[in-house]
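**Student:** Take this structure, written in structure tokens, and hold onto it; I'll ask about it next.
The values are calculated or read from the model by the stated rules, or taken from the named source; none is laboratory data. Please read these numbers as outputs of a predicted model, since none were measured by experiment. For neighbour counting, all protein chains shown are included, and Cβ atoms are generated from backbone atoms with ideal geometry for every residue, glycine included. The protein model used for the area step is the full one, side chains on, heavy atoms only, and it has no ligands, DNA or RNA in it. Shrake-Rupley method; radii C 1.70, N 1.55, O 1.52, S 1.80 Å.
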Protein chains: 2
Amino acid sequence: MVSIKDITMPKKFVQLLVFNFTLTEIVLSGNVLIWPTDGSHWLNIKIILEELIQRNHDVTVLASSATLFIKSNPDSPVHFEVIPVSYKKSNIDSLIEHMIMLWIDHRPTPLTLWTFYKELGKLLDTFFRINIQICDGVLNNPKLMARLQKGGYDVLVADPVTICGDLVALKLGIPFMYTLRFSPASTVERHCGKIPAPASYVPAALSELTDQMTFGERVKNTISYSLQDYIFQSYWGEWNSYYSEVLGRPTTLCETMGKAEIWLIRTYWDFEFPRPYLPNFEFVGGLHCKPAKPLPKEMEEFVQSSGEDGVVVFSLGSMVKNLTEEKANLIASALAQIPQKVLWRYNGKKPATLGANTRLYDWLPQNDLLGHPKAKAFITHGGTNGIYEAIYHGVPLVGVPMFADQPDNIAHMKAKGTAVEVNINTMTSADLLNALRTVINDPSYKENAMRLSRIHHDQPVKPLDRAVFWIEFVMRHKGAKHLRPAAHDLTWFQYHSLDVIGFLLACAATVIFLVTKCFLFSFRKLGKTGNKKKSE
Amino acid sequence: MVSIKDITMPKKFVQLLVFNFTLTEIVLSGNVLIWPTDGSHWLNIKIILEELIQRNHDVTVLASSATLFIKSNPDSPVHFEVIPVSYKKSNIDSLIEHMIMLWIDHRPTPLTLWTFYKELGKLLDTFFRINIQICDGVLNNPKLMARLQKGGYDVLVADPVTICGDLVALKLGIPFMYTLRFSPASTVERHCGKIPAPASYVPAALSELTDQMTFGERVKNTISYSLQDYIFQSYWGEWNSYYSEVLGRPTTLCETMGKAEIWLIRTYWDFEFPRPYLPNFEFVGGLHCKPAKPLPKEMEEFVQSSGEDGVVVFSLGSMVKNLTEEKANLIASALAQIPQKVLWRYNGKKPATLGANTRLYDWLPQNDLLGHPKAKAFITHGGTNGIYEAIYHGVPLVGVPMFADQPDNIAHMKAKGTAVEVNINTMTSADLLNALRTVINDPSYKENAMRLSRIHHDQPVKPLDRAVFWIEFVMRHKGAKHLRPAAHDLTWFQYHSLDVIGFLLACAATVIFLVTKCFLFSFRKLGKTGNKKKSE
């Protein structure tokens, strides 16, 4: 048996030896610093920090003074550190509007790829100006930094969509890890995380492609990756200077991001197409999902009144403001024609065409509704959180995607056979009606949704437990260096073995050259001897 | 809540709905067919089938009539189906001898790479002739096949080092999965399993390289991969015809292997260098490891008599016959010079130089000794099973590798800082003595061994549980298609996007051609106008 003195560990983590030698490690209490991103990202990371609190850890959230959803709750033991910034919530709202308009005006098709990525570049510029304020608000804020230094954190968990979390961790001298849904065309995961992504069957995020591509689609995918890389290279330029300045040595954003101990990716193989990854990537999609709770009495009565037909749940998510009156009427008149009862999350003016089967709500207990046995379909904008609640409960989807990863998410669900898509801009009442009838009446959609649900539920460890396991692992071991691929130590041409290939080609050329020379020399000598013999 | 009727599953697998919607799946009893490989491979897979039996599954082993280690135990509920073959145990012995001689004569160095792989090719030929008898013994044996058909198996678990398990599964119409330590240069995993392996940082198996390579080593690695691919392509040729004939359509060995639902790889990131993999690869190294049991009384007394100095455990594994008298004396005299007590598994003549501190045993309870608090070092041939017991218990190693993956395994442990290697052919007494003193007295070896041990023990789920989970998963879902990468549907030039690159280059060439033409045309026109003007 190994004695306890052989084991070196942070003192506050107690390691017990149970039966001869089965190590059971109990983290008494860790100290976690969270670097979140606002919006739906926060809704997801909040679940992780609630679980950390449950497991007796201290949690501090580091967030800007202008946030949409991130706020402290006086009843919660989560501590908040506020980063002073001069931009306003209205700037964030306009950024989101800019993002929605990008998709409405330039949704990526083969013909609009270039404009789409060019506009995305502009969006990144706006984002940069907001993000740099957050960075400065911490890194150039000696009082806040001193407080953080004193905090004695064991790990920083960052959503890297808001840049600089890694820098803060390096400045504090603590390990950091990421929680990430995706980066456009997986540029960050590929370049900074070093996961391979063969363009032949790994669709670029945002491309709306699947893993089964025609030749034309593979061309589009290859171009998507290249354009994306190009856009990011220019975006990163500004960050590279900032990172070098802060760390006082020439470095890049990507090199710094590559130091993340673990990447918690917010999808899983129920949603994702199988693709290569690395051991420091953990796919924890759906970690926020949980069994349905009973509905409020009034709502339960309405749901029960649907009888055999069941209900349709309809929400366009937390980020989208109300629809135009025309659009709302068009939707309401489609909903009025189905036998199901409809629960619609909608804050706008009551549409004139609203049917007796449809009720409007300011807010819906979405997960409890989707987990209700009467849920027949879910009309959704296709945010990852909502998609995962539908996967968890096995509910077919009508996708009305708007921006960011939403069109891509719906493309995934269409490929898996659980969704029909309607275009928010061009749809007619009949389009929505047909889509709803299809997913409700064609049994393949329910079957596929149940298949995904079974896959989701049949994992060796639940996603939330895996996410928290790796956070605790990084705290226990002060990192997860044994999972870090050596690819990080190579330049791009070494990584692709271009120097080796060049060398081998040079060797081959030399051999060919020497053989040819020898051959020519012998030939000439032979020729001379021949001539001599002839002349003799 | 989803009703039980929505869930389609093999009838004998009961699925329970606990709390609103947390699926807990209980496999009442599955029926597993095992296609093993003999030798140390069997020792590993035996642990899996014992666990399957524990979990109430029926297990049948399909093995040839000439086996070394694989045998039925009248006390065990494991059923055996015997494949009649005409070769004898002595043929297997000679194959192993051939393998040992290959490494002794041609152990791969930059200068011997070509001869090594050429000789490996010859070895594969011998192996082919033995293996084909096993295949014929099942597939051309209507009585046995009929019995297997009647068996109603849910899954076949194959060690693909013995080829044809997959064919048997396809003929029986059941899903199959692999348990594999490695294939030379990962040829099978790369070509048939589709895992990417960048030659720049993923060392080819058998190359004895690590993930930190100099330029020269990267050249060696690239050549190792290429030579290996070349050797395997010729070896596979014969199998491709066999597979096509059996399945009655043109196919290849590799295409058929690619249908494996899950690849259980018998290593983990404590031993392996981090590398890309796919979601249907599960790294379950060390699944056979368990806490140490008390030693036999005489042995415990001998171990305790070592006092503070502790003991050294010495075994060259189950596959190696005794040493020459000279070699045994050389080893014994080195062992006589250390203050530790030594337990040596050795069946040969007692060496004249044997010290009072060394005892010979016909067999050792290796795991119990390595798990004993007095174990200071382990002298090992470097088989994966033994290496994992040392990792599990945190014991430093002196590696005396002989053949197959042993030199490579020791190279891994050297890179992780837990082993010193001595060359069995060229070593002197002093070499062995120095190696032993180093791993025992330099504390870094123990520290690194304990670090690996902590990594091994700190997993979300134990390797054996994960292995069995995925076997049960394949039984519950009749496969694991959601983990199968679309790379399997592509030809090699599609996989590498060569058609897309060709097309884009052709497009670029056309554009350049047209632009040049236009430019030349305008230039000429301009020239003519100029001349006209001049002449005017």
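**Student:** So for the protein assembly as shown: antiparallel DSSP bridges make up what percent, rounded to the nearest 5? Mind showing how you got there, number by number?
**Tutor:** Values: 13 of 95 bridges.
Antiparallel bridges: around 15 percent, rounded to the nearest 5.
**Student:** To continue, here is another question. Please identify the cysteines of chain B that lack any partner cysteine with a Cβ under 4.7 Å from their own Cβ.
**Tutor:** B:Cys289, B:Cys507, B:Cys518
**Student:** Further question on the same structure: Determine the share of the range B:44-121's accessible area contributed by carbon and sulfur atoms, expressed in whole percent, with a 1.4 angstrom probe.
**Tutor:** Numbers: 2160 of 4000 Å².
Carbon and sulfur: 54 percent of the exposed surface of the range B:44-121.
**Student:** Enter the buried accessible area of the A/B pair, total of both sides, probe 1.4 Å, in Å² rounded to the nearest 100.
**Tutor:** 6100
**Student:** So if the hydrodynamic radius of the range B:261-304 is defined as the Kirkwood radius over C-alpha pairs, what does Stokes-Einstein give as its diffusion coefficient at 20 °C and 1.002 mPa s, in µm² per second? Walk me through the numbers on the way to the answer.
**Tutor:** Values: Rh = 13.4 Å.
Rounded to a whole number, D works out at 160 µm²/s.
**Student:** What distance in nm separates the simple spin-label points at A:Leu505 and A:Val461, each placed 7 Å from Cα in the Cβ direction?
**Tutor:** 4.5
**Student:** Turning to a different aspect of this structure: Sorted from largest to smallest, which semi-axis lengths in Å does the alpha carbon gyration tensor of the protein assembly as shown give for its equivalent ellipsoid, taking the root of 5 times each eigenvalue?
**Tutor:** Semi-axes (√(5λ), whole Å): 52, 39, 33.
**Student:** Once the label point is set 7 Å along the Cα-to-beta-carbon vector, what list of distances in nm do you get between B:Glu97 and its counterparts in the other copies?
**Tutor:** 8.6
**Student:** Using 0.36 nm per residue, how much length does the chain from B:Phe80 to B:Leu43 gain when fully extended, once their Cα-Cα distance is taken away?
**Tutor:** On the way: separation 37, 0.36 × 37 = 13.32 nm, distance 1.59 nm.
Length gained between B:Phe80 and B:Leu43: 11.7 nm.
**Student:** Tell me the angle of helix A:40-54 to the major Cα principal axis of chain A, expressed in degrees between 0 and 90 and rounded to the nearest ten.
**Tutor:** Rounded to the nearest ten degrees, it is 90.
**Student:** Stretch A:Asn140-A:Glu447 to full length: gain in nm at 0.36 nm per residue minus the Cα-Cα span?
**Tutor:** 105.0 nm
**Student:** Residues of the range B:191-219 losing 30 Å² or more of accessible surface, assembly versus chain alone, probe 1.4 Å, please list them.
**Tutor:** When all protein chains are present, B:Pro196, B:Ser200, B:Tyr201, B:Gln212, B:Phe215, B:Arg218, B:Val219 each give up 30 Å² or more of accessible surface.
**Student:** May I pose another question? Could you pull the copy-to-copy label distances for B:Glu300, with points set 7 Å along Cα to Cβ, in nm to one decimal and sorted shortest first?
**Tutor:** 6.1
**Student:** Once you've got the Cα coordinates, tell me which of B:Lys71/B:Lys171; B:Lys220/B:Lys349; B:Lys194/B:Lys462; A:Lys122/A:Lys478; A:Lys220/B:Lys220 are over 30 Å apart. Mind dumping the intermediate values first?
**Tutor:** Working: B:Lys71/B:Lys171 25 Å; B:Lys220/B:Lys349 42 Å; B:Lys194/B:Lys462 26 Å; A:Lys122/A:Lys478 38 Å; A:Lys220/B:Lys220 36 Å.
The answer is B:Lys220/B:Lys349; A:Lys122/A:Lys478; A:Lys220/B:Lys220.
**Student:** With a Förster radius of 22 Å, plug the Cβ-Cβ distance of A:Phe493 and A:Glu238 into 1/(1 + (r/R0)^6) and report the FRET value to the nearest 0.05. Write out the running numbers ahead of the final one.
**Tutor:** Details: r = 25 Å, r/R0 = 1.13.
It comes to 0.35.
**Student:** Using helices alone, I'd like the mean residue ellipticity at 222 nm for chain B: each DSSP H run of four-plus residues gives -39500 (n - 2.57), total over residue count, nearest 500.
**Tutor:** -15000 deg cm²/dmol
**Student:** Could you tell me what % of all Cα pairs in chain A have separations over 46 Å? List each step's numbers first, then the result.
**Tutor:** Details: 31637 of 143380 pairs.
More than 46 Å apart: 22 percent of the Cα pairs in chain A.
**Student:** Right, something else. Rounded if a/c is under 1.5, else prolate if a/b beats b/c, else oblate: with a ≥ b ≥ c from the C-alpha gyration tensor eigenvalues square-rooted, which is the range B:380-536?
**Tutor:** prolate
**Student:** Ok, one more. In degrees, nearest 10, range 0 to 90: what is the angle between the Cα axis of helix A:463-477 and the longest Cα principal axis of chain A?
**Tutor:** Here the helix axis deviates by roughly 50 degrees.
**Student:** Could you check the simple spin-label distance between A:Phe521 and A:Glu245, using points 7 Å along Cα→Cβ, in nm with one decimal?
**Tutor:** Inter-label distance under the simple model: 6.2 nm.
**Student:** I would also like to ask the following. Tell me, what does the Kirkwood hydrodynamic radius of the range B:286-351 come to in angstroms if you use every pair of distinct C-alpha atoms?
**Tutor:** 13.8
**Student:** Name the residues of the range A:416-453 whose accessible area falls by at least 40 Å² when all protein chains are present instead of the chain alone, probe 1.4 Å?
**Tutor:** A:Met450
**Student:** Still on this structure, please answer the following. Give me the residues in the range B:493-527 whose solvent-accessible area, probe 1.4 Å, is reduced by at least 20 Å² once all protein chains are included instead of the chain isolated.
**Tutor:** Buried on complex formation: B:Gln494, B:Tyr495, B:Ser497, B:Asp499, B:Val500, B:Phe503, B:Leu504.
**Student:** Could you state the orientation-averaged shadow area of the convex hull built on the Cα atoms of the range A:159-271, in nm² to one decimal? Please list the in-between numbers first.
**Tutor:** Details: hull surface 29.0 nm².
Reported value for the Cα convex hull: 7.3 nm².
**Student:** Please give the Cα centre distance for the range A:129-187 versus the range B:227-265, rounded to the nearest Å.
**Tutor:** 49
**Student:** Next up: Label the range B:109-165 by shape, choosing from rounded, prolate and oblate, from the square roots a ≥ b ≥ c of the eigenvalues of the Cα gyration tensor; if a/c is under 1.5 it is rounded, and otherwise prolate applies when a/b is larger than b/c, oblate when it is not.
**Tutor:** oblate
**Student:** Right, next: State, to one decimal in nm², a quarter of the convex hull surface area for the C-alpha atoms of the range A:247-393, i.e. the direction-averaged projected area. Walk me through the intermediate numbers first.
**Tutor:** Numbers: hull surface 51.7 nm².
The number I arrive at for the range A:247-393 is 12.9 nm².
**Student:** Can you tell me the 0 to 90 degree angle between the C-alpha axis of helix B:113-139 and the longest principal axis of chain B, rounded to 10?
**Tutor:** Roughly 80 degrees between the two axes.
**Student:** Considering only DSSP beta bridges where both residues belong to chain A, give the percentage that are antiparallel (nearest 5).
**Tutor:** 15
**Student:** Here is a follow-up. Charges only on Cβ, +1 for Lys and Arg, -1 for Asp and Glu: so what's the dipole of the protein assembly as shown about the Cα centre, in debye to the nearest 20?
**Tutor:** Charge dipole of the protein assembly as shown: 2400 debye, to the nearest 20.
**Student:** Subtract the Cα-Cα distance of A:Asp229 and A:Ile132 from 0.36 nm times their separation in residues, and report this length gain in nm to one decimal.
**Tutor:** Numbers: separation 97, 0.36 × 97 = 34.92 nm, distance 2.15 nm.
Going from the current span to full extension adds 32.8 nm.
**Student:** Report, to the nearest whole %, how much of the accessible area of the range B:297-457 belongs to carbon and sulfur atoms, 1.4 Å probe, protein only.
**Tutor:** Carbon with sulfur: 49 percent of the solvent-accessible area.
**Student:** If a/c stays under 1.5 just call it rounded; otherwise compare a/b with b/c (prolate if a/b is bigger, oblate if not). Do that for the range A:75-208, with a ≥ b ≥ c from the square roots of the Cα gyration tensor eigenvalues.
**Tutor:** On the way: a/c = 2.66, a/b = 1.57, b/c = 1.69.
It is oblate, given that a/c is not under 1.5 and a/b is not larger than b/c.
**Student:** Here is a further query. Counting only heavy atoms of protein chains, what accessible area per residue, in Å², does chain A have with a probe of 1.4 Å?
**Tutor:** Value for chain A: 42 Å² per residue.
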